[in-house]
Amino acid sequence: MTNTLAQWFAENLGGVLSAELIIFLVSMIPILELRGGLLVASLLHVSPLRAIPICIIANAIPVPFILLLITKIFAFMKKHNILAGLVNKLEHKAMGKSEKIQRYEFWGLVAFVGIPLPGTGAWTGSLIAALLRVRMKKAVPAIALGLVMATCIMYVVSYVILGQVW
């Protein structure tokens with residue numbers, strides 16, 4: 001699914017927005033995140049040296065906000081019955097993926113963010129860390145290290161493997 005969405009963004013926004021802005025926006029979208037941003041960068045023939053910092057920064061921007069505010073936002077939404085069903089679904093889905101993070105703590109969060117599979121990444125990792133009440137000084141470095149790991153993996157996938165196919 002990430003590959004299809006990345007192709008859609010590259011094809012439909014390629015002539016409208018700058019490649020860097022497309023990469024930035026895609027990297028901020030929860031489902032696509034950094035892995036989608038690097039795929040789009042590869043499709044748009046943006047050099048990895050230019051694309052990687054853009055993807056990391058864009059994917060990292062929401063992390064502190066999620067860690068600091070999401071539980072308060074969710075509580076407010078549930079209390080006032082604003083999309084309470086959606087909030088419950090998001091919490092349930094995130095907590096369903098939290099077992100390894102609970103068991104391995106720091107390294108579990110690093111692996112969760114760093115292994116670029118559907119449903120993993122900085123957004124979901126931050127949400128799980130917030131719901132598990134992982135302290136910022138533990139969550140932020142784990143998520144940052146996970147982003148570096150995901151970047152290395154997605155560089156190989158996007159530029160080395162798929163870059164030869166595009």
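The values are calculated or read from the model by the stated rules, or taken from the named source; none is laboratory data. Treat the numbers as computed from the prediction; the structure is a model and nothing was measured. Don't worry about glycine lacking a Cβ; one is built from the backbone with ideal geometry, like all the others, and counts go over all protein chains shown.
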- Message: Conditions first: (1) outside any helix (DSSP H, G or I); (2) under 23 Å from GLY119 (Cβ atoms). GLY15 passes all but one, so which condition is the exception?
- Response: (2)
- Please work out which residue is farthest from ALA129 (Cα to Cα), limiting yourself to the stretch 44-57 and to residues that are of a type outside the set (Val, Ile, Thr) and crowded, with 22+ Cβ neighbours inside 10 Å. ALA51
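Based on what the data block shows, is SER42 without any contact (Cβ under 8 Å) to a residue 40 or more places away in the chain and polar (S, T, N, Q)? Talk me through it step by step, then tell me what you get.
Details: without any contact (Cβ under 8 Å) to a residue 40 or more places away in the chain: no; polar (S, T, N, Q): yes.
So SER42 does not fit the description; no.
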- Message: Checking the structure you have, find out if any residue of the stretch 134-156 is in contact with a Ser or Thr (Cβ under 8 Å, 6 or more places away or on another chain), closer than 22 Å to ALA41 by Cβ and in contact (Cβ under 8 Å) with a residue 12 or more places away in the chain.
- Response: yes
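Based on what the data block shows, is ILE61 under 12 Å from the mean Cα position of the chain (by Cα) and at pLDDT 95 or above?
It is true that ILE61 is under 12 Å from the mean Cα position of the chain (by Cα) and at pLDDT 95 or above.
Every residue, every condition in (1) in a loop (DSSP other than H, G, I, E, B); (2) β-branched (Val, Ile, Thr); (3) exposed (fewer than 14 other Cβ atoms within 10 Å of the Cβ), yes or no:
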| residue | (1), (2), (3) |
| --- | --- |
| LEU68 | no, no, yes |
| ALA75 | no, no, yes |
| ILE101 | no, yes, no |
| LEU109 | no, no, no |
| PRO116 | yes, no, no |
| THR120 | yes, yes, no |
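Can ASN81 be described as part of a helix (DSSP H, G or I) and either modelled with pLDDT under 95 or buried (at least 16 other Cβ atoms within 10 Å of the Cβ) (or both)?
Answer is no for this residue.
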- Which residue pairs have Cβ atoms under 7 Å apart, sit 6 or more places apart or on different chains, and have a first residue in the stretch 74-102 that is at negative phi and a second that is in a loop (DSSP other than H, G, I, E, B)? MET77/LEU83; LYS97/GLY119; SER98/LEU132; ILE101/LEU132; GLN102/LEU132
